[in-house]
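Heads up, the thing below is written out as structure tokens.
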Amino acid sequence: MNKLILLFAFVLTFGIAGAQSRFLTKDAKINFNSSTPLEDIIAESNQATTFIDIEKNEIAFSVLTTSFKFRRALMEEHFNENYMESAKFPKAKFTGKIVTPIDWKSEKMVVAEIKGQLTMHGATKDMTIKAQITPGKNKIIATSELKVTPEDFKIAIPSAVRDKIAKEVTIKIEAAYAPYQQ
Amino acid sequence: MINTMTKKLLTSALILGMLVLYSIPAKSQDLDSLLEKEAIPQTTYATATFKSTRIVNGHSVERMKKKQLEFRVSHRFGQVNDGSYNLWGLDQGTIHLALEYGLTDWLEVGIGRSTYEKTFDGFGKVSLLRQSNGAKNMPIQLSYLLSTELISFKSNPEKYKDVYSRMSFVNQILIARKFNESFSAQLTPTFIHRNLVPTELDKNDLFAMGAGARYKLSKRIAFNVEYYYVYRANSSSLPVKYYNPLSVGIDIETGGHVFQIMLTNSQAMREGGFIGKTTGSWSDAGIRLGFNISRVFSFNK
């Protein structure tokens, strides 16, 4: 009887500990480019926090807008003060569901479709983005490129500088996840 | 007997361990709340306490960041009470040109030249404390300014033939706080040493307390006011009547430029001049219209 309980306990314990369903990274890279022939506008943050849940096929991203670094200090200041209003809306967020089925044991790169919501500057928009996901036992790599329109997120651009900022901003994401230890 | 005991203990321990594992709430948390939990505690530093490195005439706590160069053109017209013949001061002008550069994010250096007494100046501004909240909390920003001015105007060559006699030194502690997105204020204790002063009654050492504030009228337009109380024990006996500088201005920001338009009773645009030698008075319209134009260039690759 005791042995049976012991076995049962072992199985359960290992069963839980072994089912690593969540992967995390706190230094995912996000850069964006809204350059025009008149002005180079490039910024990068390597402080995005992101989770992948391979059981539920969910993904979540969060980044502080003040963590984006620009080459020109004044541009960075204007980005936070005038456009993103970082004091009022400190974070940009994405949460979504991976709709393309992925064999998480395969270690083969998959182009996956993710349906979710992007929230920044206090506005939320439904988006479907494409991401390249490479599963692995102890590492998952995901990269993505998406385009957003500032006006969709209520980011006002004065007409005087409208020609200097791209109509569509290209955002590139690189994340290397490791198993999440609580 | 002992064997059974051990087994029982082992079993209980395992069941306990199992229960602990089960009770970890993370299993039932969604990713959103996990993100909140895992976010690294961040420190948010107050930025853009003022729109420019000057409130109006005097320095603000703002600096050029690393490898950023600012070219400043400052201009003051003549006194409004000059009347219609001088088109209320618009016929005259005093100019100051300056190049100011951020060696690091916390150290700015600058050089300048003014038509006012043909003055050269050079300064360094160091940021000692940054206002922040989050992981690190700091209620104020604190900077120190050291500026040297050299008058090259040949008024009395004999008395001023020695270069040292034409130098003065400005020390300022800049204490500022950004109270909210719109309102910032600054206190500026000032000590100025002048190597040689015009008369025996003028003091070589001058103490002053500056106060300045800005209020943002919109995202790109701000209203500024700046006042320096200058301590002069013997002001009534001085041959020239000096006034405390009071200035009000509007900042207009357009991308890489900041325009500052102001009304001030000072002619000079550097501390030794406007704190030490302001002769205009607001009470009899001894004020001037003026502007500063700032253009920033980046040398960051």
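Quick note: the coordinates plus some simple rules give every number you see, no bench work behind them. Just so it is clear, the structure is predicted and the values come from calculations on it, not from any experiment. No Cβ is skipped: glycine too gets one built from the backbone with ideal geometry, and neighbour counts run over all protein chains shown.
Numbers for the structure displayed
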{"read-out": "Computed Kirkwood radius, in angstrom, where 1/r is averaged over Cα pairs of the protein assembly as shown", "value": "26.7"}
{"read-out": "Efficiency of FRET from Cβ geometry, residue B:300 and residue A:27, R₀ 30 Å, rounded to 0.05", "value": "0.85"}
{"read-out": "C-alpha long axis of helix B:2-23 to longest principal axis of chain B, angle in °", "value": "40"}
{"read-out": "Residue order, fewest to most beta carbons within 10 Å, for B:201, A:38", "value": "A:38, B:201"}
{"read-out": "Listed peptides A:20-27, A:56-63, A:130-137 by packing density, highest first (mean Cβ within 10 Å)", "value": "A:56-63, A:20-27, A:130-137"}
{"read-out": "Residues in the range B:28-63 that a label on residue A:55 would reach, taking backbone N under 20 Å of a point 7 Å out along Cα→Cβ", "value": "B:28-38"}
{"read-out": "Solution diffusion estimate, µm²/s, Stokes-Einstein, the range B:157-301, Kirkwood Rh from C-alpha pairs, 4 °C, viscosity 1.567 mPa s", "value": "76"}
{"read-out": "Averaged over A:65-73, number of beta-carbon atoms from partner chains that fall within 10 Å", "value": "4"}
{"read-out": "Two-site label geometry, residue B:211 and residue B:7: point separation in nm, points 7 Å out along Cα→Cβ", "value": "8.5"}
{"read-out": "GNM result for chain A, Cα springs below 10 Å: residue of A:146, A:74, A:118 fluctuating most strongly", "value": "A:74"}
{"read-out": "Rounded tilt (10° steps) of A:2-18 against the dominant C-alpha axis of chain A", "value": "20"}
{"read-out": "D_trans [Stokes-Einstein, Kirkwood Rh over alpha-carbon pairs] for the range B:48-298, 4 °C, 1.567 mPa s, µm² s⁻¹", "value": "70"}
{"read-out": "Residues residue B:291 and residue B:200, FRET efficiency given R0 of 51 Å [Cβ-Cβ distance, rounded to 0.05]", "value": "0.85"}
{"read-out": "Pairwise label distance in nanometres, residue B:95 with residue B:137, each label 7 Å out on the Cα-Cβ vector", "value": "5.1"}
{"read-out": "Förster radius 60 Å - calculated FRET efficiency between residue A:103 and residue B:223, Cβ distance, rounded to 0.05", "value": "0.45"}
{"read-out": "Base-10 log of normalised Debye intensity for the range B:171-251 (one unit scatterer per alpha-carbon) at q = 0.19, 0.26 Å⁻¹", "value": "-0.86, -1.23"}
{"read-out": "Where a label projected 7 Å from the Cα of residue A:172 along Cα→Cβ would reach, residues of the range A:27-49 with amide N under 15 Å", "value": "A:29-35, A:41-46"}
{"read-out": "Cα Rg, Dmax (largest Cα-Cα span) when computed across the range A:21-179, Å", "value": "16.2, 52"}
{"read-out": "Order of A:35, B:127 - criterion: other Cβ atoms within 10 Å of each residue's Cβ, fewest first", "value": "A:35, B:127"}
{"read-out": "Contact order relative to length of chain B, as percent, for alpha carbon pairs under 8 angstrom and 6 or more apart", "value": "17"}
{"read-out": "Separation of the residue A:46 and residue A:88 label points, Cα + 7 Å toward Cβ, nm", "value": "3.3"}
{"read-out": "Proxy reagent accessibility, fewest Cβ within 10 Å first, across B:6, A:95, B:43, A:49", "value": "B:6, B:43, A:95, A:49"}
{"read-out": "Other protein chain Cβ atoms within 10 Å, averaged over every residue that makes up A:51-61", "value": "2"}
{"read-out": "Number of partner chain Cβ atoms within 10 Å, mean per residue of A:74-83", "value": "5"}
